[in-house]
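> One structure is given below, represented as structure tokens, and several questions about it will come after.
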Amino acid sequence: MKGFKDFLLRGNLIELAVAFILAAAFGAVVTSFTQLIMDIIGTLGAQPDFSAVAIAGVNVGRFITAVVAFVIMSAVVYFGIVKPYEMLKKLGAKESAPDEAGAPTSEELLAEIRDLLKVRA
């Protein structure tokens, strides 16, 4: 029973559960935003849903609706998550870069230790 308790309380499982819940909530936001954009496109084109579009008797409207929704969702995810994450990642790398550049190499540390040992002896 202790192993099961440890498994449940492990940090990764909790983080994964939180990420899953937030992803579901964000999915609802993206879906509603996509519907908003689809309504705007529909207002401009006088048809909010492309489901009734048929070319040569073949109903391609659902496919067109799905493609437009996919492009809108992809744009929301890219510009709402990916780009800000990349910018924050670059910002964090720039802030930590000077510390890493000023850090001595392992050879320099070994030489310093050697010199300190010589002085002690």
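The values are calculated or read from the model by the stated rules, or taken from the named source; none is laboratory data. Please read all numbers here as calculations on a predicted model, not as lab measurements. For neighbour counting, all protein chains shown are included, and Cβ atoms are generated from backbone atoms with ideal geometry for every residue, glycine included.
> Residue by residue through region 52-79, note down the ones that are outside any helix (DSSP H, G or I) and loosely packed, with under 14 Cβ neighbours inside 10 Å. Before the answer, list the steps.
Of all residues in region 52-79, those outside any helix (DSSP H, G or I) come to 52-60.
Listed by number, the residues that qualify are Ala52, Ala54, Ile55, Ala56, Gly57, Val58, Asn59.
> On to the next question. Any chance you could count how many residues in region 33-67 are in contact (Cβ under 8 Å) with a residue 12 or more places away in the chain and within 26 Å of Leu22 (Cβ to Cβ)? First the steps, then the outcome.
Here is the first cut: in region 33-67, the ones in contact (Cβ under 8 Å) with a residue 12 or more places away in the chain are 33-34, 37-38, 41, 49-51, 61-62, 64-65.
Filter once more, keeping what is within 26 Å of Leu22 (Cβ to Cβ): 33-34, 37-38.
Residues flagged as in contact (Cβ under 8 Å) with a residue 12 or more places away in the chain and within 26 Å of Leu22 (Cβ to Cβ) within region 33-67 amount to 4.
> Here is a list: Val53, Val77, Val71. Which entry is within 25 Å of Ala24 (Cα to Cα), out of contact with any Phe, Trp or Tyr (no Cβ under 7 Å at 6 or more places or on another chain) and modelled with pLDDT under 85? Full working, then the answer.
On the way: Val53 fails: within 25 Å of Ala24 (Cα to Cα); Val71 fails: modelled with pLDDT under 85.
Every option except Val77 fails the conditions.
> Counting only residues that are small (Gly, Ala, Ser) and modelled with pLDDT under 75, which one in region 1-45 is farthest from Phe70 (Cα to Cα)? Can you show your working first?
Step one: list which residues in region 1-45 are small (Gly, Ala, Ser), which gives 3, 11, 17, 19, 23-25, 27-28, 32, 42, 45.
This time we only want the ones that are modelled with pLDDT under 75, so: 11, 45.
Details: Gly11: 33, Gly45: 19 Å.
Top of the filtered list is Gly11.
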